[in-house]
Structures are given as C-alpha cells and as structure tokens.
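Just passing along the structure, written as structure tokens.
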Amino acid sequence: MQLGSGPCHSGAAVNLVWRGTRGEPAQNADKWNFLALPESERAVASGSCAPARDVLPCPRDCGERLVSAVRELEFEDAVSGCPSSVFRLTSLQPWHVSRVRTLHASLSFLTPRGSRPGQRSASNRALRPQPGSGVTPAFSRRAMASGPAVLMRLVASACSIAQKAGTIVRRVIAEGDLGIVQKTCATDLQTKADRLVQMSICSSLVRKFPKLTIIGEEDLPPEDVDQELIEDGQWEEVLQKACPTQYLAVKEEDLVVWVDPLDGTKEYTEGLLDNVTVLIGIAYEGKAIAGIINQPYYNYQAGPNAELGRTIWGVLGLGAFGFQLQEAPAGKHIVTTTRSHGSKLVSDCVSAMEPDAVLRVGGAGNKIIQLIEGKASAYVFASPGCKKWDTCAPEVILHAVGGKLTDIHGNALRYSKDVKHMNSAGVLAVLRNYDYYASRVPESVKKALVP
C-alpha cells in the first residue's frame, strides 16, 4: 500500500514529524511530514529520533488525522518522545496507514515537545499538550471541531436533536393540549408537537450547519425560536465511527436534509403511540445517504417504570444502529400498509402480493421498523400520498442492512432539493426477496401511478 509517493513497509512503525519553527501554528498542515520506518529500524525508532528511510509528503490535514489514529485505533504503544516533535505510532500497520485518509474520530490533543522519549500518554488514547509545547490550544480546539467528516458531525448532531424531539413529542401529549389543526383533509393533521419539533430540529441544525438545505413537512411562518427548543449536543457514538470514504469530501452545502417532525400524526392524535416517529433524512447528490429515526414511545407498553424512546440511525457504507435486526418468518409473506390512506389501488396491490397477513399501521418510519425487526416482510403503498420527508430517513436504515426501497415501478427515489415532494408512484420496500414482491405489482397499478 502507498500513501503519497513512497512505500509503506510491512510491519512499519510510523513517525509524524513537525517541520515548522517552534511556536509556529501547528495547523499549518503542509509542515507535517509522514515517515515510514522498516521493521529493521523499529528498535531505533522506539528509542531515538533517528531519520527514517522513507519520507512521504503529507497530504492536507494529515497531521490531524494521524494523531487522531491514536484515538480511533487505540494503539497501546503510541508514544512521543523527541525535542524535534516526532509523534510516533509504533503499532501502525499498512492497513492502518490506508485508513489514515478515512480517520475522522474526534481529535483529542497532540503531545508536547520536550516530553520524555518513550513516554506513554496517561490514557493510551489521547496525546496531551504541555506548556511550551508549541501546540496551541487554538489548534487543539480546531482539530477537535474539524476532525470528523461533515457528514458524521451532522449525523451526530441529528441523533441528539432527534432525541430531544422525542422528548418534546411526549411532553406535548402529557400536557393534554395537542393543538390540532386540519391541513388539507380530515386525515391530514398538524399538532402542536409537529410545530414545536420542526422548529427545534430546523433551528438546531441551522445554528451548527448554516449552509445546509433543510426541507420540513410543515409550512411554518418565520418566528423566534425559544432557546429551550435548541439542542446543541452530539452523539459520541457516531463521532467515534469512521466516515465511509465516499463521503469524506462532502461539504455542508452539498447536503439536503428532509425533516418529518411527526410521522404518524393521525395515530398520535388517536393514542396509537407506537406508530409515531420523528424522521431526519440526509441526502447527497439526490441519494439518501444517512437517516435518523426517533421512536418517542418505544417501550411504552412495558409498564410505568419503563424507559421510553429510542433513536435508530444509519449511514450507507457504515451500517445501521440502535435496534436488533430480525427477519420475518421464512416462507411467510406479511405485508404492512397504510392504515388511514387506503384506496382501491392500495387494496389491489396488497392483494396481488398473496399475503399471509396484512398489517395496517400508521407512519412510513414505523413500517420500515416493522421490516427490520421481522414483523413484516414488505411495505406496499400503491398511492401518491407519501412524501420525500416520509421516506428519506427510513430508506437509509433499510438500505444499510441490505433491504431495498423504490417506487412501485422499481425506480430509486431522488432527494435533491429541487425534486417534487410527492412520491407520486408510491412505495415498495422489502428487507429480503425484493424481486418476489416487485414481480407481483399489477400492471393496472403501474399504469395508474406515474413517476
């Protein structure tokens, strides 16, 4: 494997050398050099500042990323030890070097100049600065802020924001005044929870990521947002995971966030609380790539002392987390479909699947959860009633575990900022055996639903 212009030898130790002047800001990444030492020089490298055989030009940000490798990969014998500011990772293997470009764990601190040769960090995970080290607190703060990729920072924030949203949903119903208004029809409702949650999610995201494009379900007039609705936390669980390489260079302004503040509003007003979810989907170049689903009333039937709520999240190429993946019973065709938006087309399409059972529930997020937890084998909705904010986040969770979500024709859904919001050709989602269900969609249904 190679990084830059030189080879990385099998079993190599690695030095990271600062070639700037003492006191010069360490964020000048072009002053860092990456050095690989062959096994024959390991003994020398572990006890002195002998020159390395191979000097590789350091890419931008390499200084930050290499030092963050200590935290991300938890090298037990990461040491520093030279007045010339050599930061040595003596356990770094070639496959680790290849991951340097993808390391975006939160950077703790750099080890100072002048520390003793071979001195280990106290935690074996973080390298800490000392007075006179030449590594300024400003660099430490900058590195911590910019270490993880934009996508992972956004997902980490969205998880924390979604969790707060779940708290707001529960609080509104506990206070007893749902503030229900009818939007387009008797089944298209908006509650106080819809309004507060959308304000919370959108305002919290904009404060941290001002260049995002955010599209929410509710059409709300601009107004000042109460500070108690703002969430500025981030999930460390997310930040500790490496960003998939295909998304490392994604910029904030490249991302579109689709927000459904309360998926399953009608069910919420009727007390069917396990149907309710909060959805935050993230798209890049028209494709859904990250999603967060908060289920505010998960576990609500487990008794008065049960802990309520959970957050499920996923990133394509990384996986999905926060639940236990299960498949529907083998040989069973269990279809989940709409509870409150039925039609002849919906019924005809469901019947064509020859299901063993049909589950009629609310919320697109809830239906995808049924798929990934083995309660249903297919989500069939042959109607134009579903919107992009209903499907963006759930699609990612399903795709991250090997499932598939398309329209009724088998076309992938697109989530660019300028696409129409309606999924006019319906939804077909399956965890396993997609072709079985896709092949049974009646031609009459396909003709009626135009993409």
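For region 305-341, give me the residue count where each residue is surrounded by fewer than 14 Cβ atoms within 10 Å (Cβ to Cβ) and without any contact (Cβ under 8 Å) to a residue 24 or more places away in the chain.
Qualifying residue count for the region: 5.
Assuming VAL358 fulfils every condition listed in (1) closer than 16 Å to ILE312 by Cα; (2) aliphatic (A, V, I, L, M); (3) touching a helix residue (DSSP H, G or I) at 6+ places or on another chain (Cβ under 9 Å) apart from one, which condition is it?
Every condition holds for VAL358 apart from (1).
Only residues that are open to solvent by 10 Å² or more (accessible area, probe 1.4 Å) and closer than 19 Å to GLY331 by Cβ: list them for region 357-378, please.
Scanning region 357-378 gives ALA357, VAL358, LEU359, GLN370, GLU373, GLY374, LYS375, SER377.
Right, GLU217: of a type outside the set (Lys, Arg), touching a Phe, Trp or Tyr at 6+ places or on another chain (Cβ under 7 Å), crowded, with 22+ Cβ neighbours inside 10 Å and not assigned by the TED database to the domain that holds GLN370 or not?
yes
Does THR213 satisfy the condition of being modelled with pLDDT under 95 and out of contact with any Pro (no Cβ under 9 Å at 6 or more places or on another chain)?
Answer is no for this residue.
Would you check if there is a residue in region 269-284 being part of a strand (DSSP E or B), in contact (Cβ under 8 Å) with a residue 24 or more places away in the chain and open to solvent by 40 Å² or more (accessible area, probe 1.4 Å)?
Kept after step one, since they are part of a strand (DSSP E or B), are these residues of region 269-284: 277-284.
Remaining after also requiring in contact (Cβ under 8 Å) with a residue 24 or more places away in the chain: 277-284.
Those left that are additionally open to solvent by 40 Å² or more (accessible area, probe 1.4 Å): 284.
Yes, because at least one residue in region 269-284 is part of a strand (DSSP E or B), in contact (Cβ under 8 Å) with a residue 24 or more places away in the chain and open to solvent by 40 Å² or more (accessible area, probe 1.4 Å).
Please list, ordered by first then second residue, the pairs with beta carbon atoms under 9 Å, 6 or more apart or interchain, first in region 342-353 and charged (D, E, K, R), second crowded, with 20+ Cβ neighbours inside 10 Å and in a helix (DSSP H, G or I).
Short answer, once both residue conditions are applied: ASP348/VAL445.
Which ones in region 288-338 are at positive phi and either outside any strand (DSSP E or B) or touching a strand residue (DSSP E or B) at 6+ places or on another chain (Cβ under 6 Å) (or both)?
ASN299, GLY303, GLY309, GLY317, GLY322, GLY331
Can you name every residue in region 220-244 that is buried (at least 16 other Cβ atoms within 10 Å of the Cβ) and touching a residue at least 40 places away in the same chain (Cβ under 8 Å)?
Once the filter is applied, which keeps residues that are buried (at least 16 other Cβ atoms within 10 Å of the Cβ) and touching a residue at least 40 places away in the same chain (Cβ under 8 Å), region 220-244 yields LEU229, GLU231, GLN234, TRP235, VAL238, LEU239, LYS241, ALA242, CYS243, PRO244.
Further, regarding this structure: Say whether the condition of being in a loop (DSSP other than H, G, I, E, B) and modelled with pLDDT of 95 or more is met by at least one residue in region 342-353. Break it down into steps so the answer makes sense when it comes.
Taking region 342-353 first, the residues in a loop (DSSP other than H, G, I, E, B) are 342-343, 353.
Checking which are modelled with pLDDT of 95 or more leaves us with 353.
Yes: region 342-353 contains one or more residues that are in a loop (DSSP other than H, G, I, E, B) and modelled with pLDDT of 95 or more.
Turning to a different aspect of this structure: Right, ILE334: modelled with pLDDT of 95 or more and more than 21 Å from SER439 (Cβ to Cβ) or not?
Considered against the rule, which asks whether it is modelled with pLDDT of 95 or more and more than 21 Å from SER439 (Cβ to Cβ), ILE334 comes out as no.
Follow-up. Conditions first: (1) without any contact (Cβ under 8 Å) to a residue 40 or more places away in the chain; (2) in a strand (DSSP E or B). ILE214 passes all but one, so which condition is the exception?
Unmet condition: (1).
The values are calculated or read from the model by the stated rules, or taken from the named source; none is laboratory data. For clarity, every value in this text was computed on a predicted model and none was experimentally measured. Here Cβ is always computed from backbone atoms with ideal geometry, including for glycine, and neighbour counts include all displayed protein chains. Note: accessible area is taken over every heavy atom of the protein model, side chains too, but ligands, DNA and RNA are not part of it. Shrake-Rupley method; radii C 1.70, N 1.55, O 1.52, S 1.80 Å.
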